[in-house]
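See structure below.
The values are calculated or read from the model by the stated rules, or taken from the named source; none is laboratory data. Owing to the predicted nature of the structure, the values given are computational and were not obtained by experimental measurement. FYI the Cβ positions are ideal-geometry reconstructions off the backbone, even for glycines, and counts take in every protein chain you see.
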């Protein structure tokens, strides 16, 4: 997806299709309405696993050269569900993952479950909209993330994001 301009009165969802992938619907969403589950800024600062900065740079280089190859995986959720998931993830976390705080949003929250680095890079590159696979089921989001990771092992810009 190449960069697109937006006007001040555009809605969150600018396009949708009946195309599905592992049960998620493909949609083009505006970046300001997407909230990553993981804090890329934290990882850049701490360089978790001693290779995060390199993986981020490799992903960024590929996106700038080839464009965004794979859609983000997005879970439509709300603030209460987000908080509940954060509590569960923090308890089960074995590393120093930095989870994003719950956004102060009424209604639906578009939570990026797979593609947080790609979202961060897209924002830095000036993207306004991005291709997403959207679901309302956390289980389905997990299945889509897993299937997407398996199918893109050889693609630089999505192998670790």
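Quick one: how many residues across region 105-147 are part of a loop (DSSP other than H, G, I, E, B) and closer than 19 Å to residue 40 by Cα?
The first filter runs over region 105-147 and keeps only residues part of a loop (DSSP other than H, G, I, E, B), leaving 105-108, 115, 126-128, 136-137.
Now restrict to residues that are closer than 19 Å to residue 40 by Cα: 115, 126-128.
Total meeting the criteria: 4.
Results for (1) in contact with a strand residue (DSSP E or B) (Cβ under 6 Å, 6 or more places away or on another chain); (2) surrounded by 15 or more Cβ atoms within 10 Å (Cβ to Cβ); (3) under 18 Å from residue 85 (Cβ atoms); (4) modelled with pLDDT of 90 or more, shown as yes or no for each residue.
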site	(1), (2), (3), (4)
111	yes, yes, yes, yes
122	yes, yes, no, yes
128	no, yes, no, yes
141	yes, yes, yes, yes
157	no, yes, no, no
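Given the criterion surrounded by fewer than 23 Cβ atoms within 10 Å (Cβ to Cβ) and at pLDDT 90 or above, identify the matching residue among 146, 137, 151.
Numbers: 146 fails: at pLDDT 90 or above; 151 fails: at pLDDT 90 or above.
On inspection, the qualifying residue turns out to be 137.
Of all residues in region 29-45 being in a helix (DSSP H, G or I) and within 25 Å of residue 143 (Cβ to Cβ), which is modelled with the lowest pLDDT? Walk me through how you get there before you give the answer.
Going residue by residue through region 29-45, those that are in a helix (DSSP H, G or I) are 31-33, 40-45.
Retained after the next criterion (residues that are within 25 Å of residue 143 (Cβ to Cβ)): 31, 33, 40, 43.
Working: 31: 91, 33: 91, 40: 79, 43: 72.
Per the criteria, the residue is 43.
Could you check region 65-80 and list, in sequence order, the residues that are in a helix (DSSP H, G or I) and in contact (Cβ under 8 Å) with a residue 12 or more places away in the chain?
At the first step, the residues of region 65-80 found to be in a helix (DSSP H, G or I) are 65-66, 79-80.
Passing the criteria: 66, 79.
Tell me yes or no: at least one residue of region 82-100 is under 18 Å from residue 30 (Cβ atoms), surrounded by fewer than 18 Cβ atoms within 10 Å (Cβ to Cβ), modelled with pLDDT under 85 and touching a helix residue (DSSP H, G or I) at 6+ places or on another chain (Cβ under 9 Å).
For region 82-100, residues under 18 Å from residue 30 (Cβ atoms), surrounded by fewer than 18 Cβ atoms within 10 Å (Cβ to Cβ), modelled with pLDDT under 85 and touching a helix residue (DSSP H, G or I) at 6+ places or on another chain (Cβ under 9 Å): absent.
Has region 46-61 got at least one residue that is surrounded by fewer than 13 Cβ atoms within 10 Å (Cβ to Cβ), touching a strand residue (DSSP E or B) at 6+ places or on another chain (Cβ under 6 Å) and either modelled with pLDDT of 70 or more or on the phi < 0 side of the Ramachandran plot (or both)?
Scanning region 46-61, I find no residue that is surrounded by fewer than 13 Cβ atoms within 10 Å (Cβ to Cβ), touching a strand residue (DSSP E or B) at 6+ places or on another chain (Cβ under 6 Å) and either modelled with pLDDT of 70 or more or on the phi < 0 side of the Ramachandran plot (or both), so the answer is no.
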